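Undergrad: Quick one: structure below, then a few questions.
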Amino acid sequence: MANTYSQIYIQLIFCVKKREKLIEKKWRSELFMYITGVIKHKNQKLYAIGGVADHIHILVSIKPSLSISDFARDLKTSSTKWINERQFINKKFEWQIGFGAFSYNQNLLDTVINYINRQEEHHAKKDFIAEYKELLDHYKIDYNELYI
């Protein structure tokens, strides 16, 4: 086969260090635009990006040659630098170590996109910890309570 064809949809979740509520509404959309640019620069396709003050969700399709860990690291590193250069907060911004990565079938994309686009509404009812544990349990991923 002369070319590689793939369909890999991943939802990434990044949490602010210590789950602090540092991503303010007044600059959140700028952050999402910046991350969108990084994703496009890496030749990956973004389907949705959203979040609240303490975490973000990103739904992308990625090429099989790309390491999910490297991709997540690059997004977190570049966005951290971008936030700190703009001094949006009065201290050093950092993402928590690690990330969530969940794969989806194409027939679930609309559901996941809707979920990501409605993060504000969703988190008015449920906090990050409860949401994250539900995802981990749903996907039968073992985890240590200390690192949630």
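What follows is calculated from the coordinates using simple rules that are stated; it is not laboratory data. Computed from a prediction, not measured in an experiment: that's the story for all the values here. Heads up, the Cβs are rebuilt from the backbone with ideal geometry, glycines too, and the neighbour counts pull from every protein chain shown.
Undergrad: Which pairs in the list K21/K133; K17/K92; K42/K140; K81/K140; K26/K76; K17/K81 are over 22 Å apart, alpha-carbon to alpha-carbon?
TA: K42/K140; K81/K140, as the Cα separations exceed 22 Å there.
Undergrad: If you don't mind, another one. So for the pair K133, K63, with labels modelled 7 Å out along Cα→Cβ, what separation do we get in nm?
TA: Once both label points are built, they end up 4.1 nm from each other.
Undergrad: For S29 and S6 in one chain, what is 0.36 nm times their gap in residues minus the Cα-Cα distance, to one decimal in nm?
TA: 5.3 nm
Undergrad: To check my understanding: the extent here is largest minus smallest coordinate of the Cα atoms along each principal axis. What are those three numbers for region 9-142, in Å, largest first?
TA: 41, 36, 26
Undergrad: Moving on to the next point. What's the magnitude of the charge dipole for region 74-148 around its Cα centre, counting Lys and Arg as +1 and Asp and Glu as -1 at the beta-carbon? Answer in Debye, nearest 20.
TA: 300
Undergrad: Based on the mean of other beta carbon atoms within 10 Å per residue, what is the order of 16-29, 42-55, most packed first?
TA: Peptide ranking by packing, descending: 42-55, 16-29.
Undergrad: Could I ask something else about it? What is the dipole size for the chain, taken about its Cα centre, with +1 at each Lys and Arg Cβ and -1 at each Asp and Glu Cβ, in debye to the nearest 20?
TA: Dipole magnitude for the chain comes out near 460 debye.
Undergrad: Here's something else I'd like to know. At 222 nm, what value in deg cm²/dmol follows for the chain if DSSP H runs of at least 4 each add -39500 (n - 2.57) and the sum is divided by all its residues, to the nearest 500?
TA: -13000 deg cm²/dmol
Undergrad: Compare the Cα positions of S61, Y147, I23 along the charge dipole of the chain (+1 at Cβ of Lys, Arg; -1 at Cβ of Asp, Glu; about the Cα centre) and return the one farthest towards the positive end.
TA: Result: I23.
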